Amino acid sequence: MLFTRSWLSNEKPGLLFDLVINWLLQNKILLPGVTTLTRLISEIREKSADRFWSRLS
């Protein structure tokens, strides 16, 4: 879900963070630490940017 949103749109990390928190709460999953989620979001955004640039070139 997060990779797809990051790939299709250029949403800010804060919005992606809120989406992840809401999804975790809706599915009753134990919330990880803030730094863990921040790292996950940055890795996913970097992966989608790499994919974008590789497809573009």
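Coordinate-derived values only; no laboratory data. Owing to the predicted nature of the structure, the values given are computational and were not obtained by experimental measurement. For neighbour counting, all protein chains shown are included, and Cβ atoms are generated from backbone atoms with ideal geometry for every residue, glycine included.
Using a Gaussian network model of the chain with C-alpha springs under 10 Å, which one of I41, I29, I21 is most mobile by mean-square fluctuation?
Ranking I41, I29, I21 by mean-square fluctuation puts I29 first.
For the chain, what Kirkwood radius comes out of the mean inverse Cα-Cα distance, in Å?
Hydrodynamic radius (Kirkwood, Cα pairs) of the chain is 11.9 Å.
Find, among the chymotrypsin sites (Phe, Trp or Tyr not before Pro) in segment 1-35, those assigned to loop by DSSP (not H, G, I, E, B) with at most 13 other beta-carbon atoms within 10 angstrom.
Sites meeting the loop and neighbour criteria: none at all.
Compute the length gained on full extension between L25 and T38: take 0.36 nm times their separation in residues and subtract their Cα-Cα distance, giving the result in nm to one decimal.
3.0 nm
Kindly provide the trypsin sites (Lys or Arg not before Pro) of the chain that DSSP labels as loop, not H, G, I, E or B, and whose Cβ sees at most 16 other Cβ atoms within 10 Å.
K28
Read phi for every residue in segment 41-57 and hand back ³J(HN,Hα) as whole Hz from Karplus 6.51 cos²θ - 1.76 cosθ + 1.60, θ = phi - 60°, with x for Gly and Pro.
Values, residue by residue: 5, 5, 5, 5, 5, 5, 5, 5, 5, 4, 5, 4, 5, 5, 6, 6, 8 Hz.
As a test of the formula, what do you get for the chain when each DSSP H run with n ≥ 4 contributes -39,500 (n - 2.57) and the sum is divided by the residue count, at 222 nm and rounded to the nearest 500 deg cm²/dmol? Could the numbers behind the result be given before it?
Details: 3 runs with 44 residues, N = 57.
Taken over the chain, the calculation gives -25000 deg cm²/dmol.
In percent, what relative contact order does the chain have, based on Cα pairs under 8 Å that are 6 or more apart in sequence?
50 percent
Please list 3J(HN,Hα) in residue order for segment 26-37, calculated via the Karplus relation 6.51 cos²θ - 1.76 cosθ + 1.60 where θ = phi - 60°; whole Hz, with x for glycine and proline.
Going residue by residue, I get 5, 8, 6, 9, 4, 6, x, x, 4, 5, 5, 5 Hz, with x marking Gly and Pro.
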